[in-house]
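Trainee: First the structure, then my questions, so here it is.
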Amino acid sequence: MPRTGENIYKRKDGRWEGRYKKERVDGKVRYGAVYARTYRDVKVKLEKAKKAFETGKTSGTKAGKVKDIGNQWLAEMALTLKESSINKYEDILRCYVLPELGEEELSEVTNQHVMDFTDRLLADGGRNAQGLSPATVAEILSVLNGIRIYALRRDRTVLFSTGCVRLRREPMKIRVFTLSEEESLIRHIEEHMDLPSLGVLLCLFTGIRVGELCALSWDDISLPEKKMYVSKTMQRMRTTASDTRRTAVRIQEPKSSCSVRTIPLPGSILELLKLYHTPGTFFLTGDSRRYIEPRTMQNRFKKLLAACNISDANFHATRHTFATRCIELGFDVKSLSEILGHADVTITMNRYVHPSMSLKEEHMERFSGLFAVK
């Protein structure tokens, strides 16, 4: 691995690696690494990492204010996380953590501060001051805990623990279309077929996410192989650039490598795909430049449901419905998990498998056949 100066190396896999002082633990320096495809990019990342370390080192053992440590933590996270995650963390800091705790010395924040902060978020947090959900509060506390761990790793004094809070987690509300609803939806799509409607049908038959659908191009579909390749997603993200609008649509790789996958296409949709296949264009528009973003697709989907007299649901219901139908048809969970792009089958089982009452009744009838009761 040849060295080019200032702890920057060319790796065997073609990437560049830069090593830097990451933290001090028990007085000893530990090193971290940043990676990039070019020497220039890795040098920029390395300079940011070194600056983050030096900023933290000069403050001594006194932690500093929450706002300062929070910004240092965010700068370090930006070296390894995707832009969408950093935007989310930055919003949580700006909207919730810093207004309440930003001016506090981190070394003086106690468990009581954290519990009072949590109570306020649950009671009157949010834009409408109607309180935030336990799930949202848990995300906020996760950011605060990240700041806490960042400070502890740099030998700073921290008194609080977010573990002092116990949140009541509400069960996730899951919408799965019934067989009759799904059949009604499919019939309506067949009678009013266009590319966005075909996209809804594709999601019902493959379980891909709305962001993956919007980023999909016809080049990602191989009709001869009867396969679809999912390798990117689309989302509208906040941008900090001063010369652009506040948000921008981005097409990028999914957060998880497991989301990059190949999905066999069911024969029932292949003939329709052949009719609309337009190489070099977005799937939903048949145009090489014009796309439909997830928010617009969500609105189209709601109108489609209304036209079918189906009660309201978000687009993600197509994914839950697909997973449920697969289980009803006897799919093994491992195959289904890979089709959905999950890292672990437990995610599939816990979040996406919702057996219908008819399937439960069928299983119970099979059980009753084991024994004869006179």
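Let's see how each residue does on (1) loosely packed, with under 12 Cβ neighbours inside 10 Å; (2) at positive phi; (3) not in a loop (DSSP other than H, G, I, E, B):
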residue: VAL158; (1), (2), (3): no, no, no
residue: MET172; (1), (2), (3): yes, no, no
residue: GLY199; (1), (2), (3): no, no, yes
residue: PHE205; (1), (2), (3): no, no, yes
residue: ILE208; (1), (2), (3): no, no, no
residue: LEU213; (1), (2), (3): no, no, yes
residue: GLU225; (1), (2), (3): yes, no, no
residue: ILE251; (1), (2), (3): no, no, yes
residue: LYS255; (1), (2), (3): no, no, no
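Trainee: While we're looking at this one, here's another question. Filter the range 308-337 down to residues that are aliphatic (A, V, I, L, M) and assigned to a helix (DSSP H, G or I) and give me whichever is surrounded by the most Cβ atoms within 10 Å (Cβ to Cβ).
Mentor: Among those that are aliphatic (A, V, I, L, M) and assigned to a helix (DSSP H, G or I), it is ALA323.
Trainee: Next up: Which condition number does LEU305 fail, the rest of (1) in a helix (DSSP H, G or I); (2) more than 26 Å from LEU340 (Cα to Cα); (3) of a type outside the set (Asp, Glu) being met?
Mentor: For LEU305, the exception is condition (2).
Trainee: While we're here: From ARG325, ARG290, which residue is modelled with pLDDT of 95 or more, closer than 23 Å to ILE189 by Cβ, among the charged types (D, E, K, R) and in the same structural domain as ARG187 (by TED's automatic domain parsing)?
Mentor: Just one listed residue meets the conditions, ARG290.
Trainee: Then there is this: State all residues of the range 310-356 that are under 19 Å from the mean Cα position of the chain (by Cα) and on the phi > 0 side of the Ramachandran plot; if no residue qualifies, say none.
Mentor: GLY341 - this is the single residue of the range 310-356 that is under 19 Å from the mean Cα position of the chain (by Cα) and on the phi > 0 side of the Ramachandran plot.
Trainee: Could you check the range 146-170 and list, in sequence order, the residues that are among the acidic types (Asp, Glu) and either touching a residue at least 60 places away in the same chain (Cβ under 8 Å) or touching a Phe, Trp or Tyr at 6+ places or on another chain (Cβ under 8 Å) (or both)?
Mentor: ASP155
Trainee: Same structure again: Those residues that are within 16 Å of LYS88 (Cα to Cα) and among the charged types (D, E, K, R), I need them from the range 128-167; list them, please.
Mentor: Within the range 128-167, GLU139 is the sole residue that qualifies.
Trainee: Return the residues of the range 1-19 that are surrounded by 12 or more Cβ atoms within 10 Å (Cβ to Cβ) and either within 29 Å of the chain's Cα centre (by Cα) or modelled with pLDDT under 55 (or both); say none if nothing qualifies.
Mentor: The answer is THR4, ARG15, TRP16, GLU17, GLY18, ARG19.
Trainee: Also: For the range 98-152, which helices (runs of 4 or more DSSP H) that fit wholly inside it have 2 or more residues that are loosely packed, with under 14 Cβ neighbours inside 10 Å and under 24 Å from the mean Cα position of the chain (by Cα)?
Mentor: The qualifying helices (runs of 4 or more DSSP H) are 134-152.
Trainee: Checking the structure you have, find out if any residue of the range 252-261 is modelled with pLDDT of 90 or more and touching a Ser or Thr at 6+ places or on another chain (Cβ under 7 Å).
Mentor: Yes: one or more hits.
Trainee: Considering each of THR296, THR321 in turn, give the residue that is out of contact with any strand residue (DSSP E or B) (no Cβ under 9 Å at 6 or more places or on another chain) and more than 29 Å from PRO355 (Cα to Cα).
Mentor: THR296
Trainee: Kindly indicate whether ILE221 is modelled with pLDDT of 95 or more, surrounded by 13 or more Cβ atoms within 10 Å (Cβ to Cβ), within 15 Å of the chain's Cα centre (by Cα) and more than 30 Å from ARG94 (Cβ to Cβ).
Mentor: It is false that ILE221 is modelled with pLDDT of 95 or more, surrounded by 13 or more Cβ atoms within 10 Å (Cβ to Cβ), within 15 Å of the chain's Cα centre (by Cα) and more than 30 Å from ARG94 (Cβ to Cβ).
Trainee: How many of the residues making up the range 257-278 are among the hydrophobic types (A, V, I, L, M, F, W, C) and in a helix (DSSP H, G or I)?
Mentor: So the answer is 6.
Trainee: From the list LEU201, LEU213, LEU179, which one is hydrophobic (A, V, I, L, M, F, W, C), under 26 Å from PHE301 (Cα atoms) and touching a strand residue (DSSP E or B) at 6+ places or on another chain (Cβ under 9 Å)?
Mentor: Within the list LEU201, LEU213, LEU179, the selection yields LEU213.
Trainee: Which one is surrounded by the fewest Cβ atoms within 10 Å (Cβ to Cβ), of the residues in the range 340-355 that are in contact with a Cys (Cβ under 8 Å, 6 or more places away or on another chain) and over 21 Å from LYS173 (Cβ atoms)?
Mentor: The qualifying residue surrounded by the fewest Cβ atoms within 10 Å (Cβ to Cβ) is ALA343.
Trainee: Turning to a different aspect of this structure: Which number in (1) touching a Cys at 6+ places or on another chain (Cβ under 9 Å); (2) in contact (Cβ under 8 Å) with a residue 60 or more places away in the chain; (3) surrounded by 18 or more Cβ atoms within 10 Å (Cβ to Cβ) marks the one condition that SER184 misses?
Mentor: Only one criterion is unmet by SER184, namely (3).
The values are calculated or read from the model by the stated rules, or taken from the named source; none is laboratory data. Because the structure is a prediction, the values reported are computed rather than measured. As a convention, Cβ positions derive from the backbone with ideal geometry for all residues, glycine included, and neighbour counts pool all protein chains shown.
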